[in-house]
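Student: This is the structure I want to talk about, given as structure tokens.
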Amino acid sequence: MKLVRILESKFEEYRLNAIFDCYKWDPQFLDSNTLSKYVLVLTEKEYHEVAKLTEKLDSETEISEIFLNSHLDLTKILKLPKTPLLKNMSNYDKNKHIRLMRYDFHPTTDGNWVISEVNSDVPGGFAEASLLPELAIKTIGNKNYYSINFGDQLAMALSLKIKAKGTIMFVHCTSYSDDRQVMQYLGDKMQSLGYTSLYGAADHLKFVNKEAYSILDHHEGKIDCIFRFTPIEWLIDIKPKTWSGYFDTITPSCNHPIAIFAQTKRFPLIWPILEQNGIKLPTWKKLLPETIEVKQAKGKEGYIYKPAYGRVGENISIKEACSKEEYQEILKDVHKHPKKYLAQKRFISKPLTTPQGTKYHVCLGSYTIDGKHAGFYARISPKPRIDSDAEDIPVVIERSKSHE
Amino acid sequence: MNSKEIYRIWAPYSQRWVDWVRPVPFINIDHNLPHHEIIDYTIPHINYIKSIAEDTAIIIDTNSIQSIKEGIALALIGYRPIPIFNGTNPPSNTKGTTDNSLIEPLLIWGAYQLAKIKLKNDAPPVFLLDQNRLNRYKTDRSIFDNSWDIYPQDLPSAEYFLNKGITKIIVRGEKVNKDLRKILAKYQKNNLQIFFTNGYDSPEEIRLRK
């Protein structure tokens with residue numbers, strides 16, 4: 001894995017093209033450019049290694065969530081959102097829905113990979129994992145690089161489970177343009193394949209006989225697929241409660257709320273129960289640092305706290321990556337709500353060094369769709385915590401010499 | 001001009017502050033642009049500031065038409081207008097909570113005006129907001145909520161402003177809106193002076209609570 005610089009003279013045009021041609025509508029965050037000046041180059045060996053591990057993880061996750069869905073009485077330790085509707089998921093049929101996940105890999109100082117989490121419910125970064133690498137290769141002009149177009153694979157998977165020319169509702173938080181950019185990319189892609197793409201909020205759907213219908217002004221009617229980007233734990237907070245149908249719908253969904261079992265970062269705490277029931281998780285156990293309850297970490301060295309439903313690295317207690325104020329606030333909240341957190345053994349991320357000598361920590365997101373590896377999305381940061389200050393970086397693969 | 005060309009006039013390469021120009025209203029600017037005869041394109045006279053102050057940034061939080069027009073008026077005295085509109089459009093024919101439809105034609109008009117104005121690389125910024133972003137009242141569930149808020153990450157930090165010699169911020173609007181107030185309170189805590197004007201009176205320093 002290495003970082004290759006986009007020439008300074010080409011960067012501004014690259015940024016402009018990323019904005020307009022690659023749906024990068026959020027190129028600035030506070031004082032930072034969110035688009036890296038580098039490209040992350042994987043060897044084919046690294047690509048195949050991560051892809052294989054990702055598919056193994058995914059297989060273990062899927063078996064676990066299907067088991068937990070039929071044994072809700074065992075899930076107390078996960079502290080799932082309190083809703084009786086989880087019971088309604090008993091009609092879940094994986095063949096009817098599209099299961100999309102992204103596993104976050106990190107290189108470590110001991111030469112191995114670790115994963116920090118799975119984005120089980122609403123992973124994003126679609127255009128960055130599809131169009132941005134193509135733009136980067138064109139900008140760099142290296143014919144030895146190629147990329148995986150994640151969007152092509154997602155569109156194909158959706159097409160297999162939605163009727164031709166069907167209507168897809170892209171459910172998202174409509175006030176956030178950074179959510180819309182993710183939905184718009186996929187929506188435009190599906191539209192180009194003959195589908196109708198609608199953009200709406202979670203409460204723009206109603207459910208009749210377990211089928212989804214749009215109530216969006218001027219776009220009322222039956223929906224053939226729900227593509228949801230509103231996190232399940234936010235959905236449950238929406239009032240009035242118009243969302244119950246999401247849990248037992250037979251309308252193909254990506255993702256179905258079954259994603260909640262692995263979305264909580266407390267998922268590892270239920271592994272002993274899963275193992276007692278014959279479910280093996282060797283890849284998860286190999287790649288995820290030891291995870292325990294907050295109270296078990298008391299007085300132990302080398303653990304960090306993570307919120308069970310944290311996103312983009314928020315509220316993770318890596319001391320040198322937080323301001324003093326933020327760090328104290330996290331500890332205070334952990335103390336107050338220990339069950340909303342977990343403690344995880346800290347791993348030492350191995351940064352990549354650029355030819356100019358700058359060090360960047362890497363989070364390599366690896367997608368699966370219905371169990372198959374489907375592409376990469378990466379972020380880099382000078383800090384070991386990859387959070388909202390991190391930069392998006394396109395991932396490309398370098399052809400091995402044997403192919404030449 | 002297409003969307004990229006218009007964006008590049010508002011955000012020319014290698015100029016200070018332009019990285020904060022929000023791309024969202026520019027993205028579809030060359031598609032289905034409605035014709036608006038009702039817009040009065042006269043550049044307004046600015047009463048609340050007579051000449052450029054290198055240590056002062058301005059945030060205009062009025063309706064989008066006035067905001068862009070005042071941005072151009074301030075460009076004529078040396079300020080760099082930075083549009084930070086961030087609302088999306090509803091699907092076709094769907095009623096939205098916020099009308100963003102006039103922003104696009106005004107940005108095109110503004111681009112033609114700006115192309116005639118030579119600004120310094122380090123010209124102080126005037127950030128352009130639309131006060132209608134906060135219209136989120138839905139009379140019916142079928143309406144598309146495309147209201148939006150301004151967040152701290154949408155603007156430079158206090159440290160950045162101070163490093164670039166900006167010590168004062170004038171807010172021009174009918175009032176200091178709730179989302180902006182939170183950001184300004186943080187600025188004030190970090191030693192930036194905050195002033196307010198309704199557009200007619202001279203700016204007066206204000207104290208803010210988060």
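Student: Consider A:ILE258 carefully, then state whether it is open to solvent by 20 Å² or more (accessible area, probe 1.4 Å), in contact with a helix residue (DSSP H, G or I) (Cβ under 7 Å, 6 or more places away or on another chain) and either more than 14 Å from chain B (Cβ to nearest Cβ) or in a helix (DSSP H, G or I) (or both).
Tutor: Against the criterion (open to solvent by 20 Å² or more (accessible area, probe 1.4 Å), in contact with a helix residue (DSSP H, G or I) (Cβ under 7 Å, 6 or more places away or on another chain) and either more than 14 Å from chain B (Cβ to nearest Cβ) or in a helix (DSSP H, G or I) (or both)), A:ILE258 does not qualify.
Condition check ((1) touching a residue at least 40 places away in the same chain (Cβ under 8 Å); (2) of a type in the set (Phe, Trp, Tyr); (3) touching a strand residue (DSSP E or B) at 6+ places or on another chain (Cβ under 7 Å)) across all residues:
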| residue | (1), (2), (3) |
| --- | --- |
| A:ALA321 | yes, no, no |
| A:HIS337 | no, no, no |
| A:LYS340 | yes, no, yes |
| A:THR368 | yes, no, yes |
| A:PHE376 | yes, yes, yes |
| A:PRO384 | yes, no, yes |
| A:ASP392 | yes, no, yes |
| A:GLU398 | yes, no, yes |
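Student: Sort out which residues of the range B:13-22 are at the interface with chain A (Cβ under 10 Å from one of its Cβ atoms) and within 12 Å of B:ILE82 (Cβ to Cβ), and write them in order of number.
Tutor: Selection gives B:VAL18, B:ASP19, B:TRP20, B:VAL21, B:ARG22.
Student: Sticking with this structure for a sec: Could you please find all residues in the range A:385-399 being in a loop (DSSP other than H, G, I, E, B) and either open to solvent by 40 Å² or more (accessible area, probe 1.4 Å) or within 11 Å of A:THR54 (Cα to Cα) (or both)?
Tutor: Matches in the range A:385-399: A:SER388, A:ASP389, A:ARG399.
Student: Still on this structure, please answer the following. Which of the residues spanning the range A:1-26 are over 20 Å from A:VAL396 (Cβ atoms) and in contact with an Asp or Glu (Cβ under 8 Å, 6 or more places away or on another chain)?
Tutor: A:TRP25, A:ASP26
Student: Oh, and also: Just one of the numbered conditions (1) touching a helix residue (DSSP H, G or I) at 6+ places or on another chain (Cβ under 8 Å); (2) farther than 22 Å from A:PRO272 by Cα is not true of A:PRO107; which one?
Tutor: A:PRO107 satisfies all of (1) touching a helix residue (DSSP H, G or I) at 6+ places or on another chain (Cβ under 8 Å); (2) farther than 22 Å from A:PRO272 by Cα except (1).
Student: Let me confirm something: among A:TYR14, A:TYR92, which residue is touching a helix residue (DSSP H, G or I) at 6+ places or on another chain (Cβ under 7 Å) and open to solvent by 30 Å² or more (accessible area, probe 1.4 Å)?
Tutor: Of the residues listed, the single one that is touching a helix residue (DSSP H, G or I) at 6+ places or on another chain (Cβ under 7 Å) and open to solvent by 30 Å² or more (accessible area, probe 1.4 Å) is A:TYR92.
Student: Among the numbered conditions (1) within 14 Å of another protein chain (Cβ to nearest Cβ); (2) open to solvent by 10 Å² or more (accessible area, probe 1.4 Å), tell me where A:PRO84 comes up short.
Tutor: (1)
Student: Please list, ordered by residue number, the helices (runs of 4 or more DSSP H) wholly in the range B:55-166 having 1 or more residues that are within 14 Å of chain A (Cβ to nearest Cβ).
Tutor: B:103-114, B:158-163
Conditions tested, residue by residue: (1) within 27 Å of A:LYS56 (Cβ to Cβ); (2) touching a Gly at 6+ places or on another chain (Cβ under 9 Å).
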residue: A:TYR92; (1), (2): yes, no
residue: A:VAL114; (1), (2): yes, no
residue: A:ASN144; (1), (2): no, no
residue: A:GLY151; (1), (2): yes, yes
residue: A:ALA155; (1), (2): yes, no
residue: A:TYR176; (1), (2): no, no
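Student: Within the range A:224-250, which residues are open to solvent by 10 Å² or more (accessible area, probe 1.4 Å), in a loop (DSSP other than H, G, I, E, B) and more than 14 Å from chain B (Cβ to nearest Cβ)?
Tutor: Result: A:ASP224, A:ILE236, A:ASP237, A:ASP248, A:ILE250.
Student: Related question: Quick test of your reading of the structure: B:ILE183 fulfils all but one of (1) free of Cβ contacts under 8 Å to residues at least 40 places away in the same chain; (2) open to solvent by 40 Å² or more (accessible area, probe 1.4 Å); (3) in contact with a helix residue (DSSP H, G or I) (Cβ under 8 Å, 6 or more places away or on another chain); (4) not in a loop (DSSP other than H, G, I, E, B). Name the failing condition by number.
Tutor: (2)
Student: State which residue is most open to solvent (accessible area, probe 1.4 Å) when the search covers only the range B:186-203 and only residues that are in contact with a Leu (Cβ under 9 Å, 6 or more places away or on another chain) and part of a loop (DSSP other than H, G, I, E, B).
Tutor: B:ASN191
Student: Then there is this: Any residue at all in the range A:382-391 that is of a type in the set (Val, Ile, Thr), in contact with a Cys (Cβ under 6 Å, 6 or more places away or on another chain) and at negative phi?
Tutor: There is at least one residue in the range A:382-391 that is of a type in the set (Val, Ile, Thr), in contact with a Cys (Cβ under 6 Å, 6 or more places away or on another chain) and at negative phi.
Student: Moving on. For the range A:142-155, does any single residue satisfy the condition of being assigned to a helix (DSSP H, G or I), free of Cβ contacts under 8 Å to residues at least 60 places away in the same chain, within 20 Å of A:ILE226 (Cβ to Cβ) and not basic (Lys, Arg)?
Tutor: Scanning the range A:142-155, I find at least one residue that is assigned to a helix (DSSP H, G or I), free of Cβ contacts under 8 Å to residues at least 60 places away in the same chain, within 20 Å of A:ILE226 (Cβ to Cβ) and not basic (Lys, Arg), so the answer is yes.
Student: Right, here's the next one. Out of curiosity, is A:LEU72 more than 11 Å from chain B (Cβ to nearest Cβ), buried (at least 18 other Cβ atoms within 10 Å of the Cβ), closer than 24 Å to A:TRP271 by Cβ and in contact (Cβ under 8 Å) with a residue 12 or more places away in the chain?
Tutor: Spelling it out, it is not the case that A:LEU72 is more than 11 Å from chain B (Cβ to nearest Cβ), buried (at least 18 other Cβ atoms within 10 Å of the Cβ), closer than 24 Å to A:TRP271 by Cβ and in contact (Cβ under 8 Å) with a residue 12 or more places away in the chain.
Student: Could you tell me how many of the residues in the range A:288-308 are without any contact (Cβ under 8 Å) to a residue 40 or more places away in the chain and at positive phi?
Tutor: Summing the residues that are without any contact (Cβ under 8 Å) to a residue 40 or more places away in the chain and at positive phi in the range A:288-308 gives 1.
Student: Taking the range A:171-205, which residues are surrounded by fewer than 20 Cβ atoms within 10 Å (Cβ to Cβ), assigned to a loop (DSSP other than H, G, I, E, B) and more than 10 Å from chain B (Cβ to nearest Cβ)?
Tutor: Those that are surrounded by fewer than 20 Cβ atoms within 10 Å (Cβ to Cβ), assigned to a loop (DSSP other than H, G, I, E, B) and more than 10 Å from chain B (Cβ to nearest Cβ): A:LEU193, A:GLY194.
Student: Any idea how many residues of the range A:323-351 are more than 22 Å from the chain's Cα centre (by Cα) and of a type in the set (D, E, K, R)?
Tutor: Number satisfying all stated conditions: 8.
Student: OK, next. Do we have any residue at all in the range B:46-69 that's under 21 Å from A:TYR23 (Cα atoms) and open to solvent by 10 Å² or more (accessible area, probe 1.4 Å)?
Tutor: no
Student: Also: Applying the selection to the range B:51-60, what residues are among the charged types (D, E, K, R) and in contact with a Lys or Arg (Cβ under 7 Å, 6 or more places away or on another chain)?
Tutor: Selection gives B:ASP55 alone.
Student: Considering each of A:LYS24, A:LYS37, A:LYS45 in turn, give the residue that is under 27 Å from A:PRO351 (Cβ atoms), under 19 Å from the mean Cα position of the chain (by Cα) and of a type in the set (Lys, Arg).
Tutor: Within the list A:LYS24, A:LYS37, A:LYS45, the selection yields A:LYS24.
Student: Oh, and also: Give the residues of the range A:123-136 that are out of contact with any Cys (no Cβ under 7 Å at 6 or more places or on another chain) and either without any contact (Cβ under 8 Å) to a residue 40 or more places away in the chain or open to solvent by 30 Å² or more (accessible area, probe 1.4 Å) (or both), sorted by residue number.
Tutor: Correct list: A:GLU134 only.
Student: Still on this structure: In the range A:76-101, which residues are more than 23 Å from A:PRO338 (Cα to Cα) and either basic (Lys, Arg) or not assigned by TED's automatic domain parsing to the domain that holds A:ILE223 (or both)?
Tutor: A:LYS87, A:LYS94, A:LYS96, A:ARG99
The values are calculated or read from the model by the stated rules, or taken from the named source; none is laboratory data. Treat the numbers as computed from the prediction; the structure is a model and nothing was measured. Here Cβ is always computed from backbone atoms with ideal geometry, including for glycine, and neighbour counts include all displayed protein chains. Calculation scope for accessible area: heavy atoms of the full protein, side chains included, ligands and nucleic acids excluded. Shrake-Rupley method; radii C 1.70, N 1.55, O 1.52, S 1.80 Å.
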